[in-house]
Amino acid sequence: MESSLRVHARRRFVCAAVLLLVSLAFGRKVFAGEDNQRTPRIAAIVTTYYHNSHADVIVSRLLETDTLDGKGRRPKLNLVSLYTDQVPKNDTSRKLSKAHGFPIFDNVQDALTLGTDTLAVDGVLLIAEHGKYPESNTGQIVYPKRRLFSEIADVMAKSKRFVPVFCDKHLADNWKDAKWIYDEAKRLGIPMMAGSSLPVLWRYPPVDVQRGAALDQLVAVSYHRLDTYGFHAMEMVQCLVERRKGGETGVASVRCLEGDSVWQAAKEGIYDRQLLDAALARLKERPLPKNRRIEDLVKKPVLFVIDYADGFRACIFTLNYAVVEWAAAWRYQSNNRVESTVFWTQEARPFHHFTHLLAGIEKMFHTGKPTWPVERTLLTSGTLDALLISKKNRGKRLATPHLAIPYSSSLNWLQPPPPPPGRPIQGQ
């Protein structure tokens with residue numbers, strides 16, 4: 001008969017082996033000190049995964065800490081599986097899979113079930129940003145968000161279990177698909193959150209719209225592509241104006257102006273020129289040259305004019321070649337006071353603004369409740385689509401009764417701590 005010590009040793013070995021197999025089945029190594037029963041298991045469904053892509057700067061934080069070098073805070077989330085819709089030559093996900101022990105599946109269903117017949121994760125990161133996809137007739141990149149979300153929802157419906165989903169950036173490039181995704185999530189009871197990192201950025205100075213205050217108008221400046229960066233500008237504006245008196249009421253109409261008509265719009269009273277100047281005065285990384293007018297620096301300006309259902313107006317300027325930042329200015333009705341701020345991103349690795357975006361996502365995965373309302377991003381997605389339709393129709397004003405989306409958010413923005421030192425973008 002074996003001694004009790006030998007039996008005990010064998011039992012410890014068997015238990016350790018079982019734990020290791022379970023860990024590998026869940027697609028990652030067990031990190032020291034982690035309670036895997038309490039840490040949500042996350043599947044990442046992405047379009048493509050390469051250095052500095054959105055998949056990298058979000059998902060890699062689950063593997064390489066919030067500083068992307070293994071030296072920072074590790075989010076309390078376990079990446080247990082990955083699906084990539086495209087695999088370019090510069091893909092980095094396969095290397096990460098070998099280093100961290102999570103599996104990569106060739107379809108969404110297996111990524112969510114871990115190759116079984118039922119949902120085996122506690123949350124889903126849907127990151128459909130970057131990759132080679134066609135453009136729509138309004139100039140938006142058509143990422144397969146509806147297709148990927150549909151496959152995610154199908155697995156949950158068949159499993160009769162519904163876990164939180166975060167959709168990076170807009171819900172879709174067009175209103176029909178964005179509304180379908182929103183409605184499907186509501187119908188099934190899937191906790192859902194979406195959006196840009198801009199609402200959680202550093203602001204200089206660190207100001208916010210006073211909750212419940214009546215606003216006269218808000219003007220913002222943006223740059224780069226109208227779809228990708230224009231969406232960021234929409235989210236920046238919306239996180240500010242949703243705090244106004246009465247809460248969000250939805251958008252009644254939009255108009256997109258281009259070229260000289262943008263500057264002419266100031267003379268017609270379409271926007272407050274003082275607010276534009278206040279926003280431009282906040283530029284931090286590349287302030288405008290002294291004694292130069294923005295009209296002389298930007299030859300092809302674009303102006304988004306957004307009229308809300310309660311009569312409030314927001315205007316967003318895209319000012320390429322002169323502006324490389326996002327900023328906003330607004331005026332209070334009660335005392336005619338103007339406030340303004342620049343929304344600052346860390347344009348160096350580790351792009352620490354994504355850490356603060358992930359913190360909100362992490363909270364949802366732990367609580368099962370969205371940290372901010374998905375209605376914000378439903379509204380910004382639909383408004384941007386309408387604006388680009390207006391652009392295609394040479395600035396025609398479009399009524400948007402479908403964007404009557406009232407909502408409120410109880411979230412209060414706080415200035416994040418200073419970021420860690422930036423590293424070269426192409427380096428690790």
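Taken residue by residue, the range 128-141 has no member that is touching a residue at least 60 places away in the same chain (Cβ under 8 Å) and over 24 Å from the mean Cα position of the chain (by Cα).
Return yes or no: is Thr383 assigned to a helix (DSSP H, G or I) and not small (Gly, Ala, Ser)? Yes: the conditions hold for Thr383. Only a single criterion out of (1) under 24 Å from Leu126 (Cβ atoms); (2) at pLDDT 50 or above; (3) among the small types (Gly, Ala, Ser) is not satisfied by Gly27, namely (2).
Return a yes/no flag: does the range 339-354 have any residue that is crowded, with 18+ Cβ neighbours inside 10 Å and part of a helix (DSSP H, G or I). Checked against the condition, which is being crowded, with 18+ Cβ neighbours inside 10 Å and part of a helix (DSSP H, G or I), the range 339-354 yields at least one hit.
Screening Leu358, Leu384, Leu411 for residues that are surrounded by 22 or more Cβ atoms within 10 Å (Cβ to Cβ), of a type outside the set (Val, Ile, Thr) and under 18 Å from Gln238 (Cα atoms) leaves exactly one candidate, Leu384. Looking at the structure I just gave you, is Gln346 in contact with a His (Cβ under 8 Å, 6 or more places away or on another chain), modelled with pLDDT under 95 and not hydrophobic (A, V, I, L, M, F, W, C)? Spelling it out, it is not the case that Gln346 is in contact with a His (Cβ under 8 Å, 6 or more places away or on another chain), modelled with pLDDT under 95 and not hydrophobic (A, V, I, L, M, F, W, C). On the stretch given as the range 46-95, residues that are of a type outside the set (Phe, Trp, Tyr) and more than 30 Å from Pro417 (Cα to Cα) total 14.
Checked against (1) of a type in the set (D, E, K, R); (2) in contact with an Asp or Glu (Cβ under 9 Å, 6 or more places away or on another chain); (3) part of a strand (DSSP E or B), Arg203 passes all but a single condition, namely (2).
Within the range 251-272, the set of residues being without any contact (Cβ under 8 Å) to a residue 12 or more places away in the chain and surrounded by 14 or more Cβ atoms within 10 Å (Cβ to Cβ) comprises just one member, Ala266.
Go through the range 313-327 and report how many residues are buried (at least 22 other Cβ atoms within 10 Å of the Cβ) and closer than 22 Å to Tyr407 by Cα. Adding up the residues that qualify gives 3.
Out of all the residues in the range 287-309, is one or more among the small types (Gly, Ala, Ser) and surrounded by 23 or more Cβ atoms within 10 Å (Cβ to Cβ)?
Within the range 287-309, the subset among the small types (Gly, Ala, Ser) is 309.
Narrowing the set further to residues that are surrounded by 23 or more Cβ atoms within 10 Å (Cβ to Cβ) leaves none.
No, there is no match, as no residue in the range 287-309 is among the small types (Gly, Ala, Ser) and surrounded by 23 or more Cβ atoms within 10 Å (Cβ to Cβ).
Evaluated against (1) under 21 Å from Gly246 (Cα atoms); (2) not in a loop (DSSP other than H, G, I, E, B), Asp310 falls short on exactly one condition, (2). For first residues located in the range 54-65 and more than 11 Å from Asn78 (Cα to Cα), partners that are assigned to a helix (DSSP H, G or I) and lie 6+ apart or on another chain with Cβ distances below 6 Å form the pairs Val57/Phe354; Ile58/Phe354. Per the listing Ala233, Ala213, Ala178, the residue uniquely among the small types (Gly, Ala, Ser) and within 26 Å of Gly368 (Cα to Cα) is Ala178.
The values are calculated or read from the model by the stated rules, or taken from the named source; none is laboratory data. Being a predicted model, the structure only gives us computed values, none of them experimental. With ideal geometry, Cβ positions are generated from the backbone for all residues, glycine too; neighbour counts draw on all protein chains shown.
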